[in-house]
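Report on the structure given below.
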Amino acid sequence: MPSVHEKERNLERDISGKVEDALPGVEVLAVELSGPERFTVYVDRDGGVDLALCEQVTRVLSDYLRDYGVDVSSPGPERPLRKPEHFQRALGRQVKLKTEGRKLRGEVTRAGDQTVTVSADGGEVDIPYGEIVRGNLIEETA
């Protein structure tokens, strides 16, 4: 039986293809299961996310409505980070990451093709993208 993380990855791969093909310029940032029969799709595009876009994405995903409750959301201030390009845009920013065996907070210092490097716990930690279960920016308050 696949883990929650594996289910999310499979859903994200399928949903990204459908949404990004149907709605050019829309990026699926992450898909997170919030229960066995509900998931949230985080989307973004240049110019931001509005209710009309969320409705369009929901329509594209109508096939999933038979088996799941589907929520569509903007990324918000604690933007999901999953892919190398997400971490490349987060260089120098504070993030929180969760892998299968660890939680970590720190600053993104490098984002390569296979791993992200985070300065945390007095040193630098390299984390392969495939091991990241959750990753989010930490909202920085002035």
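Can you give me the % of accessible surface on segment 96-142 that is carbon or sulfur? Probe 1.4 Å, all protein chains present, nothing else counted.
For segment 96-142, the apolar C and S fraction of the accessible surface comes to 41 percent.
Contact order normalised by length for the chain, with contacts defined as Cα pairs under 8 Å and 6 or more residues apart; what percent is it?
Relative CO of the chain lands at 18 percent.
Considering only C-alpha atoms, what is the centroid distance from segment 20-82 to segment 86-142, in Å?
Each part's Cα centre sits 23 Å from the other's.
Given R₀ = 22 Å, FRET efficiency for Leu51-Asp14 by Cβ-Cβ distance, to 0.05?
Efficiency for this residue pair is about 0.35.
Roughly how many Å² is the accessible area per residue of the chain, as a whole number, for a 1.4 Å probe?
Normalised by residue count, the accessible surface of the chain is 56 Å².
Could you tell me which of Thr99, Leu61, Val49 has its Cα farthest along the dipole of segment 34-103 towards the positive end, charges placed at Cβ (Lys, Arg +1; Asp, Glu -1), taken about the Cα centre?
Toward the positive end, the furthest listed residue is Thr99.
Counting Lys and Arg as +1 and Asp and Glu as -1, each charge on the Cβ, what is the dipole of the chain about the Cα centre in debye, to the nearest 20?
Its charge dipole is roughly 240 debye.
I'm spelling it out carefully: the read-out is mean projected area of the Cα convex hull in nm², the candidates are [x] 9.5; [y] 10.7; [z] 7.7, and one was derived from this structure. Which label?
Correct label, based on the coordinates given: [x].
Go through segment 27-41 residue by residue and turn each phi into a ³J(HN,Hα) via Karplus (6.51, -1.76, 1.60, θ = phi - 60°); whole Hz please, and just put x for glycine and proline.
Whole-Hz 3J(HN,Hα) from phi for segment 27-41: 10, 8, 7, 6, 10, 10, 6, 10, x, x, 10, 8, 9, 10, 10.
Pairs of lysines 8 or more apart, or on different chains, with alpha carbons under 18 Å: count those in segment 7-142, would you?
For segment 7-142, qualifying lysine pairs total 7.
The values are calculated or read from the model by the stated rules, or taken from the named source; none is laboratory data. These numbers come from a predicted model, not from an experiment. Note that each Cβ is placed from the backbone with ideal geometry, even for glycine, and that neighbours are counted across all protein chains shown. In case anyone asks, the SASA skips ligands and DNA or RNA and just uses the protein heavy atoms, side chains included. Shrake-Rupley method; radii C 1.70, N 1.55, O 1.52, S 1.80 Å.
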